[in-house]
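Notes follow once the structure below has been shown.
The values are calculated or read from the model by the stated rules, or taken from the named source; none is laboratory data. Everything quoted here is computed from the prediction, not taken from an experiment. Neighbour counts run over all protein chains shown; Cβ positions are idealised from the backbone, glycine included. Surface areas here come from the heavy atoms of the whole protein model, side chains and all, with no ligands, DNA or RNA. Shrake-Rupley method; radii C 1.70, N 1.55, O 1.52, S 1.80 Å.
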Amino acid sequence: LGKENYAWTLNASLLAELCTRLGRGKEALDLYLQVIDATTSILGQEHPSSLPTLTGASRCYRTIGWLKEAEALGMQVLETAKKLLLQE
């Protein structure tokens, strides 16, 4: 499977979460950013299925001490979720 396959994004996101939990934040962040790019390409910018990966990347930023990035991405997730919920 390549990065253009949604199954790849799911597995890579799980691996990124595992890397975060193991204290391998830089590796996790690299994976999360790849997954975000692939998911955006496959599903679009504001697809609900992209929110868990964005949340994971935000946690990863926080874990490695990049608090401004964590806050910005967390706010993006909240705004997107709010927008999606209002559409329903």
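Screening LEU29, LEU18, LEU10, LEU14 for residues that are outside any loop (DSSP other than H, G, I, E, B) and surrounded by 17 or more Cβ atoms within 10 Å (Cβ to Cβ) leaves exactly one candidate, LEU29.
Please determine whether any residue of the range 53-73 is assigned to a loop (DSSP other than H, G, I, E, B) and open to solvent by less than 30 Å² (accessible area, probe 1.4 Å). No, the conditions are met nowhere in the range 53-73.
Cβ separations smaller than 9 Å between residues 6+ apart or across chains give no pair from the range 30-51 residues that are in contact (Cβ under 8 Å) with a residue 60 or more places away in the chain and under 21 Å from THR63 (Cα atoms) to residues that are open to solvent by 60 Å² or more (accessible area, probe 1.4 Å) and in a helix (DSSP H, G or I).
Identify all residues within the range 38-52 that are more than 23 Å from GLU27 (Cα to Cα), small (Gly, Ala, Ser) and either part of a helix (DSSP H, G or I) or touching a Leu at 6+ places or on another chain (Cβ under 7 Å) (or both); write none if there are none. Hits for the range 38-52: nothing passes.
The rows are residues; the columns are (1) within 15 Å of LEU73 (Cα to Cα); (2) modelled with pLDDT of 95 or more; (3) touching a Cys at 6+ places or on another chain (Cβ under 8 Å).
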{"residue": "GLU4", "(1), (2), (3)": "no, no, no"}
{"residue": "TRP8", "(1), (2), (3)": "no, no, no"}
{"residue": "ALA28", "(1), (2), (3)": "no, yes, yes"}
{"residue": "LEU33", "(1), (2), (3)": "yes, yes, no"}
{"residue": "THR39", "(1), (2), (3)": "no, no, no"}
{"residue": "GLU46", "(1), (2), (3)": "yes, no, no"}
{"residue": "SER50", "(1), (2), (3)": "yes, no, no"}
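Residues that are assigned to a helix (DSSP H, G or I) and either free of Cβ contacts under 8 Å to residues at least 12 places away in the same chain or open to solvent by 80 Å² or more (accessible area, probe 1.4 Å) (or both) within the range 74-88 comprise MET75, LEU78, GLU79, LYS82, LYS83, LEU85, LEU86, GLN87, listed in sequence order.
Name every residue in the range 31-72 that is within 22 Å of LEU85 (Cα to Cα) and of a type in the set (Val, Ile, Thr), in order of residue number. Result: ILE36, THR39, THR40, ILE42, THR53, THR55.
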